[in-house]
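In what follows, a single structure is set out as structure tokens and then discussed.
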Amino acid sequence: MDPFARLGLRAVVNAKGRYTTLGGSLMAEQVLEAMSAAGRSYVDMFELHRRAGARVAELTRNEAAYVCNGSAAGLFLATLACATGPDDVAIARLPVLGDRDEVVIHRSHRMPMDPAIGLAGVRLVEIGNVMRTEAAELRAALNARTAAVVYMAGDFFAQGALGLPETVAIAHEAGVPVVVDAAALLPPVTNLWHFTAEVGADLAIFSGGKDLSGPQASGMILGRADLVDACFRHGSPHTRLARGMKVGKEEIAGLVAALELYLETDHDKRLERMDAVVATWVDRLGMLPGVRAERSFPNSMGQPVPRAVLEVDPAMAGLDARELAKRLAGGEPSVLVRIRPHERRIFLSPDTLDDDEARLVVERISALVTGRG
Ligand SMILES: *Cc1c(COP(=O)(O)O)cnc(C)c1O
């Protein structure tokens, strides 16, 4: 029986996307098999980390890789790695940091996940403002105490920040590594090597439980071999500060399987299927009274992910967007859609739904708007 139903939880139809709050993503059969097989034998975890890291590096065209339990852990480990390097004495001294205890970050890159950087004990030094950052501000912020520049990639974070190539060039002049948080920036698949191998960032961090559709508690740190080695020395199974960031053998096996599958996937075909679902939604939902439906592309991060966006006129539709979202969520099964507080628009994501679920979304919205639901 469904373990969630056994605990009394309601079934969920997820038209929002891949969110940690909804359990990340769903795993393919071969990923589940890899995890399940991994749970059946003992293994040397030091060796598993090394071998899995080498495989992930090969697949992602990076010099080295470390499998972690998610991007938040990745930010923490990457920060520690940049602060200490692969120096076992410095690593064993933690949580007392040495002389490199500052991380530079654009003010426009501050976001809810960045306490994971501060957790390493470093001080965040902000540069620029939400509108603009000068190259001279970055230069002035870099000094002997600087462990790293942490950079948020994606269109949403671009306004007000220096570009990544310029950031890398200035940081490298000062001998400071650049860590890119690319947690949710798949697709496109080319991002796996773009930030590091192509643009020259020292490390890039990706979540395993988002578009990769690996285990929810998995992620990867890709890039420079000495820094990746330092991440390994900080992390479990070592009994050091970052022991709490343990990733299990099941997650490691699952992440590798998910990554292999992701690289074999025909992403053009996947996009076609998403577009077909969105086109049907736009057609069918746009016919409802008081509903304007459009295709939205790309997403706010600039990724090639189509969605349907609905604007609801309450005078004609009989309810507003928030009430519609609330009633969809309150039904059985619970249909979850993306709506931001104070927004009148609803976003529907096709990628987390099968065809039956995509039809159900149309039926439920139609019924609520026409007053039959
Ligand atoms: C999702 C996300 C994280 C956290 O990733 P987890 O794998 O859930 O730990 C960090 N940064 C950004 C930008 C994210 O989108």
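The values are calculated or read from the model by the stated rules, or taken from the named source; none is laboratory data. For clarity, every value in this text was computed on a predicted model and none was experimentally measured. Here the Cβ positions follow ideal geometry from the backbone for every residue, glycine too, while neighbour counts run over all protein chains shown. Calculation scope for accessible area: heavy atoms of the full protein, side chains included, ligands and nucleic acids excluded. Shrake-Rupley method; radii C 1.70, N 1.55, O 1.52, S 1.80 Å.
Worth a mention:
- Each Cα pair under 8 Å and six or more residues apart adds its sequence gap; the mean of these over the residue count of the range 69-187 is a relative contact order of 27 percent.
- Nearest-10 value in Å² for the accessible area of Met152, using the 1.4 Å probe: 10 Å²
- Euclidean distance of C-alpha centroids, the range 37-88 and the range 317-357, integer Å: 38 Å
- Per-pair calculated FRET efficiency, R0 = 35 Å: Arg51 and Arg295 via Cβ, rounded to 0.05: 0.20
- Cα gyration tensor category, rounded, prolate or oblate, for the range 256-304 with a/c compared to 1.5: prolate
- DSSP-loop trypsin sites (Lys or Arg not before Pro) across the range 291-373, with at most 13 other Cβ within 10 angstrom: Arg372
- Kirkwood-Stokes translational diffusion coefficient of the range 65-194, alpha-carbon pairs, 25 °C, 0.890 mPa s, µm²/s: 163 µm²/s
- Principal semi-axes of the equivalent ellipsoid, √(5λ) from the alpha carbon gyration tensor of the range 142-185, are 20, 11, 8 Å from largest down.
- The range 266-369: C-alpha gyration tensor shape, a/c 1.5 cut-off, then a/b vs b/c: prolate
- Taking all protein chains as shown and a probe of 1.4 angstrom, Thr20 keeps an accessible surface of around 100 Å².
- Carbon plus sulfur fraction of accessible area for the chain, probe 1.4 Å, in percent: 53 percent
- Value of Rg to Rh for the chain (Rh from inverse mean 1/r over Cα pairs, i.e. Kirkwood): 1.01
- Trypsin sites (Lys or Arg not before Pro) restricted to DSSP loop in the range 36-137 with at most 11 other C-beta within 10 Å: Arg40
- Rg/Rh for the range 174-291 stands at 1.12; both radii use Cα atoms, and Rh follows the Kirkwood definition.
- Fraction of antiparallel bridges per DSSP, the chain only, in percent to nearest 5: 50 percent
- Using the 1.4 Å probe convention, the accessible area of the range 120-212 works out to 38 Å² per residue with neighbouring protein chains retained.
- Pairs of alpha carbons in the range 84-155 whose separation is greater than 18 Å (percent): 42 percent
- Helix runs (DSSP H) in the chain reaching 15 Å along axis by Cα, Kyte-Doolittle at least -1.0: 45-60, 71-84, 249-264, 267-286, 355-369
- Mean separation of Cα contacts under 8 Å, 6 or more apart, over the residue count of the range 266-369: relative contact order %: 25 percent
- Of all aspartates and glutamates in the structure, the ones whose alpha carbon falls short of 17 Å from that of Lys246, not counting any fewer than 8 places away in one chain, are Asp44, Glu47, Asp229.
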